[in-house]
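A short worksheet on the structure shown next.
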Amino acid sequence: MKTICTLFAILCLLIVNAQDKRDSLPPALSAIQQSELRKDLYELASDKMRGRRAGTLDELRAAAWVAQKAREAGLEPAGNDGTYFQFFPLYRRVVSNESSLEINEKELSLWEEAWTTSPVEANIDESITWLESMADTTLNLQDKVVAMHLIPPSRMPAEGISLWVYRYALSAIREQSAVLKRQNVSAIVLIADSTATSEIGFFGHGFEEGTYAIEPQSRKDQISDTVPVILVSRDWARELQKADSRLSATLKINEFTYPSANVMAKVSGTDAELQEEYVLFSAHHDHDGIGAAVEGDSIWNGADDNATVSVALLAIGRAWKKNPGKRSALFVWHGAEERGLFGSKYFVKNPPVNKDNIVAVLNGDMIGRNNPDAAALLGSIPPHRNSIDLVNMAMAANKQITNFNVDTSWDASSHPEFWYYRSDHLPYAQANIPAIFFSTLLHPDYHTPKDEADKIDIDKLTKMTKWMYGTGWKVSQEENAPVLENE
Ligand SMILES: [Zn+2]
């Protein structure tokens, strides 16, 4: 009899526990459908979207696609003037194709043999001073056009880091030109070394695209940068080292403004008081566009980065619409993230809702690759963590729903990738809003034309979507909003 009683008690306990777990599961979890995620992902990451680069019509096409999907999901518009859009100006400065470059009266083809590393206006017809090494930079170089080989930077990028060659080349160029600029040279010509040459098409395309800002890039701001730095292919080394070699350059600048857009939608909360507060789900809809072909493919599809989270937000929106939470849910698909977190910076500067009413930002960037059982949460350990409450809610949702091994190592301030600083939660965290960042981290296809939909683990994407949804659901339902630390 005693045994039966004990068994009965254990059984009761199990039933109660199971009941507890079921009760607290987010109600519309099953509305997050793998088939819908797959369908949306293949559309948004398709070649038709042409890589969704900010500052082009391709980004606006993607923004319109997201808004249309949000409308179909029954989400209310939350942008300006009753629309789904918060437009903002993207100021671009590019070197005009009317520019010309000659060495010894032989023309260099811009963006194929020569790259101006930032858009600077110039009119030069001068003899070239060849420098053998950095030792020569102590000579009097005032107002001279100097040329030399690119040399490796003193601080090499960490081994195995993403976009290694790009970082190598950029820091080599920066470091070397900074020394030369201090000598008041009038122009700098650097000959690409073999390392830089191996990916010059890729990062050279970035130079061709120019610079972007959400404030006008006035001439005053450019004063510190009036010395043209021109990277040339190795074929020009001999020409540059001839006695009496000469550079003739006419560099013209185009400045123009192009719209970018945050797409915004919401589901109002059900609680009369708490509905004034928002759980903000964050993604970015832009990517890198079209560049130099890699193995015949010139479209940077950005399937993982960040079509995955863009479609995750649509799925969460559908679930939320089916079963709204107490607090309101705000869905923001930022524009121009890849150009410098511009959409989120603009949102924080021009918040369409009272910033104090945003109780948490749940950002995601790249959530469909790597080990199926592991995922990362950034903003989860000091010094990046700004709300232990919010982190605890995310960890509880993971335990309850998804059971990922949560990797927080990329959140360490010593991590060489500085991953925490590279997505849209950052401007919100800097504005003292509790914020976390969901990611499944980098992979070799990151920022290449190989980041395509067929490489996405749809099971994992579905689970990550559920994790973000489950976390947001907790934030929405708890009586107290997550508290900010260190305030
Ligand atoms: Zn991204």
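Of the helices (runs of 4 or more DSSP H) lying entirely inside region 162-213, those containing at least 1 residues that are in contact with a Pro (Cβ under 7 Å, 6 or more places away or on another chain) and modelled with pLDDT under 95 span 164-182.
Quick grid of which residues meet (1) free of Cβ contacts under 8 Å to residues at least 40 places away in the same chain; (2) surrounded by fewer than 17 Cβ atoms within 10 Å (Cβ to Cβ); (3) among the aliphatic types (A, V, I, L, M):
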site: Ala114; (1), (2), (3): no, no, yes
site: Thr117; (1), (2), (3): no, no, no
site: Val120; (1), (2), (3): no, no, yes
site: Pro153; (1), (2), (3): yes, no, no
site: Trp164; (1), (2), (3): yes, yes, no
site: Ser171; (1), (2), (3): yes, yes, no
site: Arg182; (1), (2), (3): yes, yes, no
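Here is a list: Pro372, Pro352. Which entry is assigned by TED's automatic domain parsing to the domain that holds Thr402 and at pLDDT below 95?
Selected residue: Pro352, the only one of Pro372, Pro352 that is assigned by TED's automatic domain parsing to the domain that holds Thr402 and at pLDDT below 95.
Kindly establish whether Glu59 is over 19 Å from Asp454 (Cβ atoms) and among the acidic types (Asp, Glu). Considered against the rule, which asks whether it is over 19 Å from Asp454 (Cβ atoms) and among the acidic types (Asp, Glu), Glu59 comes out as yes. If the condition is being aromatic (Phe, Trp, Tyr) and part of a helix (DSSP H, G or I), then region 46-90 contributes only Trp65.
For the criterion of being at pLDDT below 95, under 23 Å from the mean Cα position of the chain (by Cα) and open to solvent by less than 60 Å² (accessible area, probe 1.4 Å), Arg52 fails. A count restricted to region 270-292 and to residues that are over 29 Å from Tyr91 (Cβ atoms), in contact (Cβ under 8 Å) with a residue 12 or more places away in the chain and open to solvent by 10 Å² or more (accessible area, probe 1.4 Å) stands at 7.
Suppose the filter is outside any loop (DSSP other than H, G, I, E, B), of a type outside the set (Gly, Ala, Ser) and touching a residue at least 40 places away in the same chain (Cβ under 8 Å); does Lys466 pass it? It is true that Lys466 is outside any loop (DSSP other than H, G, I, E, B), of a type outside the set (Gly, Ala, Ser) and touching a residue at least 40 places away in the same chain (Cβ under 8 Å). Among the residues of region 422-455, those identified as surrounded by 24 or more Cβ atoms within 10 Å (Cβ to Cβ), part of a loop (DSSP other than H, G, I, E, B) and either among the acidic types (Asp, Glu) or within 15 Å of the ligand (Cβ to nearest atom) (or both) are Ser423, Asp424, Thr440, Asp451.
Entry remark, region 329-353: residues being assigned to a loop (DSSP other than H, G, I, E, B) and in contact (Cβ under 8 Å) with a residue 12 or more places away in the chain number 10 in total.
The values are calculated or read from the model by the stated rules, or taken from the named source; none is laboratory data. This is a predicted model, so every value here is computed, not measured. All Cβ positions, even for glycine, are placed from backbone atoms using ideal geometry, and neighbour counts span all protein chains on display. Quick note on the areas: whole protein, heavy atoms, side chains included, nothing else; ligands and nucleic acids left out. Shrake-Rupley method; radii C 1.70, N 1.55, O 1.52, S 1.80 Å.
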